[in-house]
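Please read the structure below before turning to the comments.
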Amino acid sequence: MCVFKSLKLILRCVFSLSFMSTLALVACTQNEPYQPREGEGTLTIYLNPIRLDYLLPGGQFKVSGQGLISEATYQVSLDLNQSTGITRIPLELVEVQDSLIVRWPVDQALNTAVGPALGSILVEASLRGFTGSARTEWSADLQHVLNPELLQLSPLVSPQTLSLVQGNGFLKEGEGTSILNLSGQFFDANGQSQVLELSEPLTAHSNSNEQNSNLMSDRSQRRWLPHPRYFGILGGRFEGTATITNNSVGGLRISEPILVSFELSEPFISFVSPSSVSRGQRLIIEGGGLVDLLDGNEVGITMLTFNGILTPESEQDPIEYQDLRLPLRHESGSRISSAFEPEFNSSCESLDLGGVPGALDGYLSATVFWRDQEVTTTPHPVSITIAPSKQVVYLSFLPAFTDSLRLFGLRNLSARVIDEIIAVVRRDYAGVNLELRTTPPNDFELYSIVEIGGPDPNAQSLFGLDNTTGLDFCNQRLDDNLAGRNAESGNSYGGVFVESFLSLSPSLNDDPSTLADPLFDEVFLPLMNSPAQQSDLEGPRVEQVLKGIRMLGHLVGNTLTHEIGHSLGLPVVPGCGSYHNAAGPRQIMDCGRDRPFIERAGLDPAGPPQWTAENFEYLQKILPL
């Protein structure tokens, strides 16, 4: 048995037997560079042609295509056709995702003649011994500076709410800054006027604070932010002139002035969505002038209040809420969100908003404060459904997980392994309102995270660990984080650790664990000796490869099910310590030593692991469909 730093780890880990010989083997494997087999050493890349309008010093552009892998290392260069011949110019790599964002270097740009230019982009890639390259056509109009033109401003604006500016020649990211200059008079809601001079940088972002790719590629539209320091929040009207200044490395240019006028509205709510929400889910409130600012000693805030009635789905009496202050997340002056966070009693019941499913009818109001000004919006009618509690779980498959699949011979089929893992967890939670995601949710404010990695960072050969704080009975916390360190559980790391499953091999360990099984070697040793390829899914090895995918998918997936169960507050009836059931056949929440290999690997002829009756009844109560 391994030595634990805390009793809590003994109680809550799935498995904790040492296998030093395996760890030595793994460490040795990790320190050796991966050697591809013959014919496998090439990364295949295809690039799309690149046609740019203007390109200024420091400007960025996208290199897209197929076969670009975020984990790879890239060198990108431009072979520029000049009268003296071809000049190779290294480009700065800004970002790597499914495409490459590169920057036109300032010094080189300022020393290059302006005007239309032709050339080609060369991309060279490397990834753990694999290499590849590709070339594509490139053209751009090289300039040092652009002359801006202003056409019009939106006739209606709101405080701290991005407003549309139309024109031509706006600068893109990296090229410099385009600035709106206003000069004139502002007439407030009380009829008082003041001379106003301001300069505000333009942005290509939308009101939801999300980058708009169309705006980023378009030089004819930008947005500006009417700041309350100039206009307040009470509403009014501006009349005067406006210009655009382009401030770039290559120089300064100012547009011709135009006459402008616009109305400034008070804060308002215009739309609430979605029509059905559960606790922890984001209720989106859209409008304008919803200020949230800390500007020196000046503070602007928005508060959200609900008045109305909930009619429960059950036969219980309606619940009335008066001047209920809701939690608020500020995204922009035009968009805020709220999430219901009810507290439950010992019977997992709550009368707080979000704790009882039913029909919610009433009004939402926002009260906005800036300096000595205060505005409460016109109450906005709300009619939504409060849905039963849902647990959203974000499964974060770390790069270490993908890399560690090499040790099982399945690195090249990582997507298939992940699909199998997810299928196992979904099967286990059938009948329960739990949803798995593989990307961070943007529709839920509260969701749990489970990391699936490679080696156990606790150095205790654990299959998995719920390192969250205490037993969360009633699943009061929707945002448990089974990832990283947790000081309250002995600085242990949470998650699932795929390399620890190597301990199930009798032949790879001088002192195999009591759970080791020859079936592990029968399936995985051939794959370790000759790693699986995509072509094996249709060739003579297909049965062997699919067995490996199914077996590893069940080993990891069943462990995920178990650790998520802990985070939901299981078990209901402890038996094997405080955090596991009393031993029984095929029980998901049993202690690690009570769960044999064939059960974990999905090979038990009696069927997959199951919840005890008490545990399943509890899950259906806290997460009903």
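The values are calculated or read from the model by the stated rules, or taken from the named source; none is laboratory data. Being a predicted model, the structure only gives us computed values, none of them experimental. Here the Cβ is made from the backbone with ideal geometry for all residues, glycine too, and neighbour counts use every protein chain on show.
Here T245, T302 are screened, and the one residue that is touching a Leu at 6+ places or on another chain (Cβ under 6 Å) and in contact (Cβ under 8 Å) with a residue 12 or more places away in the chain is T302. In the set (1) modelled with pLDDT under 95; (2) aromatic (F, W, Y); (3) touching a strand residue (DSSP E or B) at 6+ places or on another chain (Cβ under 9 Å), Y447 fails one condition alone, (1). The set of residues in the range 359-372 being surrounded by fewer than 16 Cβ atoms within 10 Å (Cβ to Cβ) and polar (S, T, N, Q) consists of T367 alone.
Among the residues of the range 567-625 satisfying the criterion of being of a type in the set (V, I, T) and within 20 Å of V556 (Cα to Cα), which is surrounded by the most Cβ atoms within 10 Å (Cβ to Cβ)? Checked the range 567-625; the qualifying residue surrounded by the most Cβ atoms within 10 Å (Cβ to Cβ) is I588.
Which of the residues spanning the range 400-417 are in contact with a strand residue (DSSP E or B) (Cβ under 9 Å, 6 or more places away or on another chain) and in contact (Cβ under 8 Å) with a residue 40 or more places away in the chain? Before the answer, list the steps.
At the first step, the residues of the range 400-417 found to be in contact with a strand residue (DSSP E or B) (Cβ under 9 Å, 6 or more places away or on another chain) are 400-401, 404, 414.
Result: A400, F401, S404.
Given the condition hydrophobic (A, V, I, L, M, F, W, C) and either assigned to a loop (DSSP other than H, G, I, E, B) or within 30 Å of N433 (Cα to Cα) (or both), answer yes or no: does some residue in the range 293-300 qualify? Checked the range 293-300: no residue is hydrophobic (A, V, I, L, M, F, W, C) and either assigned to a loop (DSSP other than H, G, I, E, B) or within 30 Å of N433 (Cα to Cα) (or both).
Looking at the range 352-368, can you tell me whether even one residue there is in contact with a Gly (Cβ under 6 Å, 6 or more places away or on another chain), hydrophobic (A, V, I, L, M, F, W, C), touching a residue at least 24 places away in the same chain (Cβ under 8 Å) and not assigned by TED's automatic domain parsing to the domain that holds F231? Scanning the range 352-368 turns up no residue that is in contact with a Gly (Cβ under 6 Å, 6 or more places away or on another chain), hydrophobic (A, V, I, L, M, F, W, C), touching a residue at least 24 places away in the same chain (Cβ under 8 Å) and not assigned by TED's automatic domain parsing to the domain that holds F231. Going through (1) surrounded by fewer than 16 Cβ atoms within 10 Å (Cβ to Cβ); (2) in contact with a Gly (Cβ under 9 Å, 6 or more places away or on another chain); (3) modelled with pLDDT of 95 or more one by one, E349 falls short only on (3). Looking only at residues in the range 66-81 that are closer than 22 Å to A117 by Cα and under 28 Å from the mean Cα position of the chain (by Cα), the one that is surrounded by the fewest Cβ atoms within 10 Å (Cβ to Cβ) is Q75.
Can you find a residue that is in contact (Cβ under 8 Å) with a residue 24 or more places away in the chain and in a helix (DSSP H, G or I) anywhere in the range 477-497? Taking every residue of the range 477-497 in turn, at least one turns out to be in contact (Cβ under 8 Å) with a residue 24 or more places away in the chain and in a helix (DSSP H, G or I). Of the residues making up the range 428-468, those that are under 24 Å from S513 (Cβ atoms) and among the charged types (D, E, K, R) are D428, E451, D456, D466.
Keeping to the range 452-480, report how many residues are acidic (D, E) and under 19 Å from K390 (Cβ atoms). Going through the range 452-480 one residue at a time, the tally reaches 3. Counting just the residues of the range 302-323 that are surrounded by 15 or more Cβ atoms within 10 Å (Cβ to Cβ) and of a type in the set (A, V, I, L, M, F, W, C), which one comes out farthest from the chain's Cα centre (by Cα)? Out of the qualifying residues, it is I319.
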